[in-house]
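Trainee: Shown below is the structure under consideration.
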Amino acid sequence: MSQTVNLDRPVRVRFAPSPTGGLHIGGVRTALYNYAFAKKHQGKFLIRIEDTDQNRFIEGAESYIFEALRWLGLNADESPEVGGSFAPYRQSERKTMYRQYAEQLVASGNAYYAFDTAEELENMRKELEKAGAKNLSYNALTRTNMTNSLTLSPEETKKRIEAGDNYVIRIKIPKKEDIRFFDIVRGWVNVHSSTLDDKVLMKSDGMPTYHLANVVDDYLMEISHVIRGEEWLPSAPLHVFLYQSFGWVDKMPQFAHLPLLLNPDGQGKLSKRKAAEYGFPIFPLDWYEKEKNITIDGFREKGYLPEAINNFLALLGWHTSSDEEVFSLEHLIESFDLERIGKAGVRFEIKKAEWFNQYYIRLKTNEQLLQYLKETLSNLKVNTDFDDEKLLKICNLMRDRITFPQDIYLEAKYLFEVPTQYDAKAITKNWQGEGLAFVDFCQNNLSTLKNNWEGENIKHHLHEWVEQNGYKMGKVMPALRLAVSGVSGGADLGMIMEIIGFENVLQRIEIAKKTIVITN
Ligand code: GLU
């Protein structure tokens, strides 16, 4: 890793999503890296919406992107929402300004008009195929046989344009030239122009393609570094060539193409299908797919905390020299460095995300957890007359035992409801002999604790009773736990009993004795 990041210009970076559906989690990582890099260098983080392809327009996708980034705290300094001095930041609102740039390239001989109809293009493809050509594209070799301003006379070209013939503007890729550029992640990249085709810059409907709009906007918005996913690496030589053709080389941003996110098995690019198979989300928020009328799970709704997602994503491709793991957004900003991004694809290990979620839940105060618990109870329509004091006790009891906020309730349902079922294994193992005798003993003696019904005190006496009666702890406690909670494991039994309350514990013992006899 060499010292290669150029910081001579003010740092201005952009996240440039196309609103074509739910935002893939890989896109979120791109946004995070851009954000961290900008903030580290007191630069600006922009959001630019690349929506020139009307055919791929999906309603709601843009607001989804904003909501997701807001949830993660990745707030833009300039965007369609907050504005900025380079506005507009939505390409569909900039569409009239691209034509002049395409025309500029035609005038300088770096682009040309192409009038070929869909049928002609198809014929070219077929003929090339017949001739055994592997590369079936419109390029330096094939363009000489097509209908364009390179093969037509200037008069004919003019006539066609004036007559309103359909045409596109294509880049004129040189036949034999090396296109060389520096990528912060990959080092020097060398591509021979013969491997590139004459991509369309301006479509026949007058709209720019991604390539033209992207490069023109990066230039106009004074973007200093382009940090984006590896899937855009094949487009980079064309972009570099565009900067050269426009004469903007001294304003060309530095590129950093981020490594691919791989499926957990390391096989292939992280896909929706594989994520579903492994049972984890791939979108930051729930995404409603209108055509299929289905909702695809989001990390937020699954109970992931934004801090955990940011931390997890931060390490998918980047690490520090000390291999430190815990990064709040602030700490990430301090530590982030484009030079420490690896080239190799990174597996998406969801267990790690869960680990971070547990970690960040533990950093929450009980009062913060209380808000989550109340949300869960209201979402699941659980009626309870527990006051805040009791709910806070539950939060405190469960905080070290959960992965997701909703687990405060889901893992401790027995605190809220009388069990209707009892763990079958625990019944077989413990609902007999000594266990039953201890449950009876408790039923008769718990009233002595009534006036000091407090977890520690309850626990202390339970232990004392076990000792006094010569019972074996491992045999009798599970029986009492089963009667009180219906399950075989869980939080501290003394605290469970405190929270449930004296009367209710007695009632539960009574119910258990009746019910378990029947079911056993
Ligand atoms: N609009 C492209 C996308 O959807 C942007 C790629 C880039 O950052 O240049 O990812």
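Trainee: Does the stretch 342-356 contain any residue that is touching a Lys or Arg at 6+ places or on another chain (Cβ under 6 Å), touching a residue at least 60 places away in the same chain (Cβ under 8 Å) and part of a helix (DSSP H, G or I)?
Mentor: Checked the stretch 342-356: no residue is touching a Lys or Arg at 6+ places or on another chain (Cβ under 6 Å), touching a residue at least 60 places away in the same chain (Cβ under 8 Å) and part of a helix (DSSP H, G or I).
Trainee: Restrict the check to the stretch 99-107 and report whether at least one residue is surrounded by 14 or more Cβ atoms within 10 Å (Cβ to Cβ), charged (D, E, K, R) and within 23 Å of LEU201 (Cα to Cα).
Mentor: yes
Trainee: Looking for whichever is touching a residue at least 12 places away in the same chain (Cβ under 8 Å), in a loop (DSSP other than H, G, I, E, B) and more than 16 Å from the ligand (Cβ to nearest atom) here; the options are GLU67, GLU59, GLU103. Which one fits?
Mentor: GLU59
Trainee: Conditions: (1) of a type outside the set (Val, Ile, Thr); (2) more than 12 Å from the ligand (Cβ to nearest atom); (3) buried (at least 21 other Cβ atoms within 10 Å of the Cβ). PHE255 meets all but one. Number of the miss?
Mentor: Only one criterion in (1) of a type outside the set (Val, Ile, Thr); (2) more than 12 Å from the ligand (Cβ to nearest atom); (3) buried (at least 21 other Cβ atoms within 10 Å of the Cβ) is unmet by PHE255, namely (2).
Trainee: Something else now. Can you name the residue in the stretch 175-209 that is buried (at least 17 other Cβ atoms within 10 Å of the Cβ), in contact (Cβ under 8 Å) with a residue 60 or more places away in the chain and outside any strand (DSSP E or B) and, of all such residues, is nearest to the ligand (Cβ to nearest atom)?
Mentor: Applying the filter and picking the extreme gives THR209.
Trainee: Among what's in the stretch 216-252 and is within 13 Å of the ligand (Cβ to nearest atom) and of a type in the set (Asp, Glu), pick the residue that is surrounded by the fewest Cβ atoms within 10 Å (Cβ to Cβ).
Mentor: Out of the qualifying residues, it is GLU231.
Trainee: Ok, one more. What's the number of the only condition in (1) surrounded by 13 or more Cβ atoms within 10 Å (Cβ to Cβ); (2) of a type in the set (Val, Ile, Thr); (3) touching a Ser or Thr at 6+ places or on another chain (Cβ under 7 Å) that THR144 fails to meet?
Mentor: With respect to (1) surrounded by 13 or more Cβ atoms within 10 Å (Cβ to Cβ); (2) of a type in the set (Val, Ile, Thr); (3) touching a Ser or Thr at 6+ places or on another chain (Cβ under 7 Å), THR144 is out only on (1).
Trainee: Which of the residues belonging to the stretch 235-292 are of a type in the set (Gly, Ala, Ser), part of a helix (DSSP H, G or I) and within 26 Å of ARG170 (Cβ to Cβ)?
Mentor: SER235, ALA236, SER245
Trainee: Considering the stretch 70-100 alone, what residues qualify as being in a loop (DSSP other than H, G, I, E, B) and among the small types (Gly, Ala, Ser)?
Mentor: Passing the criteria: GLY73, ALA76, GLY84, SER85, ALA87.
Trainee: Counting only residues that are surrounded by 18 or more Cβ atoms within 10 Å (Cβ to Cβ) and either out of contact with any Pro (no Cβ under 8 Å at 6 or more places or on another chain) or not in a loop (DSSP other than H, G, I, E, B) (or both), how many does the stretch 472-493 have?
Mentor: Within the stretch 472-493, residues that are surrounded by 18 or more Cβ atoms within 10 Å (Cβ to Cβ) and either out of contact with any Pro (no Cβ under 8 Å at 6 or more places or on another chain) or not in a loop (DSSP other than H, G, I, E, B) (or both) number 13.
Every number in this text was worked out from the coordinates using simple rules, so none of it is lab data. Note that the structure is predicted; figures quoted are calculated from it, not measured. All Cβ positions, even for glycine, are placed from backbone atoms using ideal geometry, and neighbour counts span all protein chains on display.
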